[in-house]
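*Asks:* Below is one structure. I have some questions about it.
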Amino acid sequence: MHGVAGVGKTSFAACAPGAVFLMSPGETGLETLIDSRRLGEVAHFPEIRDWNDLIGIIEQLTAEEHAFKTLVLDTLNGFERLCHEYVCAREFNNEWGKKGFEGYGAGPSVAISEWKTFLAALDRLREVKRMGIVGLCHTKVKTFRNP
């Protein structure tokens, strides 16, 4: 689900049956809505700051018994950034520039295999636990000039 900030992505997803949220770094919208009493209590893990933690939580949800019916990923943009940070550290010695992650598109190309691992973990969760999966994404409106 794509949308600009404040359009109601989080509120919509929180109404899904048996929702549990995984929040990427900086995504505090759910907690803000709960604290302001605009939403009731919604199950959520603490903010996820590490790629391996994200994969581990999905695997934990797949392996362990729970009552959750819907996994909400808030936001896929943030989880993509965690993936890139992981790949940059592992493959490019934390070099983000042209001699590292950004050089000739090398980083995003290497990150594809990690993203496939993430998608496979979500598929297993869906198949094993019959959970719905909702991915939230920020949309950014940007002016484009014809080159």
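The values are calculated or read from the model by the stated rules, or taken from the named source; none is laboratory data. On a predicted model such as this, the values are computed, not experimentally measured, just so you know. Note that each Cβ is placed from the backbone with ideal geometry, even for glycine, and that neighbours are counted across all protein chains shown.
*Asks:* Sort out which residues of region 28-56 are among the β-branched types (Val, Ile, Thr) and over 14 Å from GLY78 (Cβ atoms), and write them in order of number.
*Replies:* Of everything in region 28-56, those that are among the β-branched types (Val, Ile, Thr) and over 14 Å from GLY78 (Cβ atoms) turn out to be THR32, ILE34, VAL42, ILE55.
*Asks:* For region 25-42, how many residues are small (Gly, Ala, Ser) and surrounded by 15 or more Cβ atoms within 10 Å (Cβ to Cβ)?
*Replies:* Within region 25-42, residues that are small (Gly, Ala, Ser) and surrounded by 15 or more Cβ atoms within 10 Å (Cβ to Cβ) number 1.
*Asks:* Before we move on, is LYS116 at pLDDT 95 or above, of a type outside the set (Phe, Trp, Tyr) and surrounded by 11 or more Cβ atoms within 10 Å (Cβ to Cβ)?
*Replies:* It is false that LYS116 is at pLDDT 95 or above, of a type outside the set (Phe, Trp, Tyr) and surrounded by 11 or more Cβ atoms within 10 Å (Cβ to Cβ).
*Asks:* Filter region 69-88 down to residues that are crowded, with 17+ Cβ neighbours inside 10 Å and farther than 17 Å from CYS137 by Cα and give me whichever is farthest from the chain's Cα centre (by Cα).
*Replies:* CYS88
*Asks:* Here's something else I'd like to know. Here are THR143, THR75, THR62: which of them is among the β-branched types (Val, Ile, Thr) and free of Cβ contacts under 8 Å to residues at least 24 places away in the same chain?
*Replies:* THR143
*Asks:* A follow-up question, please. Under 9 Å between Cβ atoms, at least 6 apart or on separate chains: pull out the pairs that start in region 120-136 with a residue that is over 14 Å from GLY18 (Cα atoms) and end on any residue that is aliphatic (A, V, I, L, M) and modelled with pLDDT under 95.
*Replies:* GLY135/MET1; LEU136/MET1; LEU136/ALA13
*Asks:* So PHE45 ticks every box in (1) aromatic (Phe, Trp, Tyr); (2) buried (at least 18 other Cβ atoms within 10 Å of the Cβ); (3) within 14 Å of the chain's Cα centre (by Cα) but one. Which box is left unticked?
*Replies:* Result: PHE45 fails condition (2) only.
*Asks:* How many residues are within 21 Å of the chain's Cα centre (by Cα) and part of a helix (DSSP H, G or I) if we restrict to region 90-104?
*Replies:* Within region 90-104, residues that are within 21 Å of the chain's Cα centre (by Cα) and part of a helix (DSSP H, G or I) number 1.
*Asks:* Oh, and also: Given the conditions (1) in a helix (DSSP H, G or I); (2) at pLDDT below 95, which single one is not true for ILE55?
*Replies:* With respect to (1) in a helix (DSSP H, G or I); (2) at pLDDT below 95, ILE55 is out only on (2).
*Asks:* Restricting to region 26-45, count the residues that are at pLDDT 95 or above and part of a loop (DSSP other than H, G, I, E, B).
*Replies:* 1
*Asks:* Give the number of residues within region 119-147 that are assigned to a loop (DSSP other than H, G, I, E, B) and surrounded by 10 or more Cβ atoms within 10 Å (Cβ to Cβ).
*Replies:* Residues that pass the stated criteria total 2.
*Asks:* Please go through region 54-73 and give me each residue that is over 20 Å from THR117 (Cα atoms) and among the small types (Gly, Ala, Ser), ordered by number.
*Replies:* Matches in region 54-73: ALA67 only.
*Asks:* Also, I was wondering about something else. Might you let me know whether region 4-11 holds any residue that is without any contact (Cβ under 8 Å) to a residue 60 or more places away in the chain, surrounded by 20 or more Cβ atoms within 10 Å (Cβ to Cβ) and among the aliphatic types (A, V, I, L, M)?
*Replies:* Checked against the condition, which is being without any contact (Cβ under 8 Å) to a residue 60 or more places away in the chain, surrounded by 20 or more Cβ atoms within 10 Å (Cβ to Cβ) and among the aliphatic types (A, V, I, L, M), region 4-11 yields no hits at all.
*Asks:* For region 102-117, check the following and say yes or no: at least one residue is touching a Phe, Trp or Tyr at 6+ places or on another chain (Cβ under 7 Å) and in contact (Cβ under 8 Å) with a residue 24 or more places away in the chain.
*Replies:* yes
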